[in-house]
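The values are calculated or read from the model by the stated rules, or taken from the named source; none is laboratory data. Nothing here was measured: the structure is a model prediction, and the numbers come from that model. Cβ coordinates were reconstructed from backbone atoms using ideal geometry, including for glycine residues, and neighbour counts include every protein chain displayed. Quick note on the areas: whole protein, heavy atoms, side chains included, nothing else; ligands and nucleic acids left out. Shrake-Rupley method; radii C 1.70, N 1.55, O 1.52, S 1.80 Å.
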Amino acid sequence: MSSALFVPPEFCIPDRPRAQEPAGWIVHVDPDSWGARVGIQAGDLLLRVNGRPVEDVIDVHFYAAEDFVAVEILREGRRHVLSGPRAEGEPLGLTFAHPTFDIDIRRCNNLCTFCFVLQTPKGMRRTLYIKDDDYRYSFLYGHFVTLTNLTARDWRRIVEQRLSPLYISVHATDPEVRRRVLRNPRAPDIMAQLRWLADHGIEMHTQIVVTPGLNDGEHLERSVFDLATLWPQVRSVSVVPVGVTRFQRYGVRPHTVEEARQVLQAVHAWQRIFRRRLGVRFVYATDEWYLLTGRPVPSKAAYDGLRLQENGLGMVRDFLEDYRRVKRILRRRKIEGLAGRRATLATGTLFAPVLAWAARDFNACTGAALDVIPIVNTRLGETITVAGLLMAEDIITQLAARPLGDLVILPRIMFDHPAGVSLDDRTPLDIARALGRPIALADTMGDVLDALEGRARRVFYPDPEGIPVPAGSA
């Protein structure tokens with residue numbers, strides 16, 4: 001990698017020593033791909049692509065973007081070179097056990113006052129205790145990172161491989177305020193870092209997690225308007241409310257309803273300014289602000305075509321738009337057979353009113369009997385209200401004594417982990433067995449309709465033979 005690109009030394013931490021040569025473990029090879037054609041097999045370890053060592057899937061695709069590709073692999077202790085021409089658009093066809101092959105995922109070197117890892121009790125899913133802050137996962141999956149743990153080599157690589165867009169946690173543009181938020185006295189000036197990235201053509205989406213009394217008010221306003229000076233390279237600012245569990249240790253508290261109203265009012269005023277100046281709203285409040293205050297969520301057009309749902313922005317609007325589609329289906333098909341079908345939908349307390357409205361309307365259209373139960377998060381505390389952080393044990397405890405109908409439908413996001421487990425390390429099958437009811441997972445009312453009609457992608461039955469429990473047995 002070229003060292004000609006100047007990176008300000010204050011941006012950088014010392015380079016990391018490499019204990020061993022990185023290698024990517026290949027777990028699957030698509031039969032209709034370049035990889036299969038040249039003889040790569042599942043179980044091979046990928047060492048080099050066109051003579052260059054690779055430390056992650058980004059390197060693999062970057063160095064393989066040639067008309068002729070040669071890879072060095074390790075198979076049963078022996079090195080082999082496999083090569084051949086690669087047609088334009090031909091897939092490599094390689095699936096790796098992990099997207100990164102080097103030492104480990106990059107750890108966060110901050111101690112943010114609102115850090116979820118520092119607010120997590122013992123005995124939960126192991127991955128929750130990893131403080132990841134890896135710019136590669138930012139590029140690959142949209143994870144937000146702080147840019148406080150990059151080496152000079154990392155900065156050069158971002159530019160040379162065009163790792164754009166990146167997703168960056170800013171929290172405050174005033175250097176001293178940001179250092180207090182991150183609890184990192186050595187955190188570099190984030191505006192200088194963002195300006196350097198912008199000058200080198202990297203696009204960015206940013207977020208500000210607003211903490212009462214720390215980076216709100218005039219600090220929030222300054223941060224938003226500072227970031228707007230870097231538009232269009234900085235494409236957006238997501239304003240996110242702080243999440244506080246009962247295990248937090250730094251005196252942080254959640255926003256009051258009135259504080260949330262003030263934040264929304266400010267964001268909407270700034271959006272009007274930026275629409276005149278930039279042609280886009282630029283700053284966006286995440287869904288939680290609207291649900292907390294009871295304000296209607298914005299229309300689809302209000303997000304200016306951005307896809308930031310992973311950060312909680314526009315998910316409720318997507319749900320409502322999907323339900324409009326479902327209602328059209330119900331009217332067009334005049335669906336019968338749902339009358340009298342009873343099912344329980346469980347979700348977090350924040351989203352429960354929206355889901356309950358949709359369920360009532362669905363019941364009126366179909367004659368079904370959907371019952372929405374808001375689940376209180378007793379493990380993390382009642383201030384944690386989102387569905388994605390629900391615990392299986394809370395689901396089991398709070399539904400056990402209720403009449404559940406034929407089916408229990410849970411938020412799919414509860415099990416958003418490669419192993420399909422909840423935060424407290426339980427599976428949907430565990431819940432099905434504990435409740436004696438089949439469990440289906442859903443993101444939308446379309447998924448609920450599929451589950452009721454027997455078309456769900458997967459249902460977890462308490463009986464090992466997959467036989468549903470009779471409806472009147474509980």
For the chain, give the percent of accessible area contributed by carbon and sulfur heavy atoms, probe 1.4 Å, rounded to a whole number. 51
Per residue, how much accessible area does the chain have with a 1.4 Å probe, in Å²? 47
So what's the gap between the Cα centers of region 369-415 and region 9-39, to the nearest angstrom? 40
Report, by chain and number, residues whose modeled amide H sits under 5 Å from the one on Ile168, excluding near sequence neighbours (fewer than 5 apart, same chain). Val145, His205, Thr206, Gln207
FRET E, pair Asp132, Thr256, Förster distance 25 Å, beta-carbon r, rounded to 0.05: 0.20
List, in order, the whole-Hz ³J(HN,Hα) value for each residue of region 267-281 obtained from phi through the Karplus relation with A = 6.51, B = -1.76, C = 1.60 and θ = phi - 60°; use x for Gly and Pro. 4, 5, 5, 5, 4, 5, 5, 6, 4, 6, 7, 10, x, 9, 6
Please report the net charge: other residues with Cβ closer than 14 Å to the Cβ of Gly388, K and R +1, D and E -1. -4
Taking a 1.4 Å probe, which of Phe362, Phe68 shows the most accessible area, and what order do the others take after it? Phe68, Phe362
Charges on Cβ only, +1 for Lys and Arg, -1 for Asp and Glu, centred on the Cα centroid of region 63-111; of Asn109, Gly93, Tyr63, which one is farthest towards the dipole's positive end? Asn109
Which order do the peptides 21-34, 311-324, 84-97 come out in when sorted by mean C-beta neighbours inside 10 angstrom, highest first? 311-324, 21-34, 84-97
Heavy-atom accessible area ranking, 1.4 Å probe, most first, across Tyr290, Tyr461: Tyr461, Tyr290
Please calculate the 1.4 Å probe accessible area of His98, with all protein chains present, and give it to the nearest 10 Å². 120
Which aspartates and glutamates does Lys300 reach when only Cα atoms under 15 Å apart count, and residues fewer than 8 places away in its own chain are ignored? Asp287, Asp318, Glu321, Asp322
Estimated vicinal HN-Hα couplings, Hz - region 73-79 in sequence order (Karplus 6.51, -1.76, 1.60; Gly, Pro = x): 10, 10, 10, 6, x, 10, 8
Spelling it out for Thr151: with amide H atoms placed in the peptide plane at 1.01 Å from N, the residues 5 or more places away or on another chain with amide H under 5 Å from its amide H are Ile13
On the full set of protein chains, 1.4 Å probe, figure out the accessible area of Glu218 and give it in Å² to the nearest 10. 140
Could you state the number of Å between the C-alpha centres of region 419-466 and region 220-260? 35
Once each part is reduced to its C-alpha centroid, what is the distance from region 103-123 to region 307-321 in angstrom? 26
Take every DSSP beta bridge with both residues inside the chain and express the antiparallel ones as a percent of the total, to the nearest 5. 45
What accessible area, in Å² to the nearest ten, does a 1.4 Å probe give for Leu140? 60
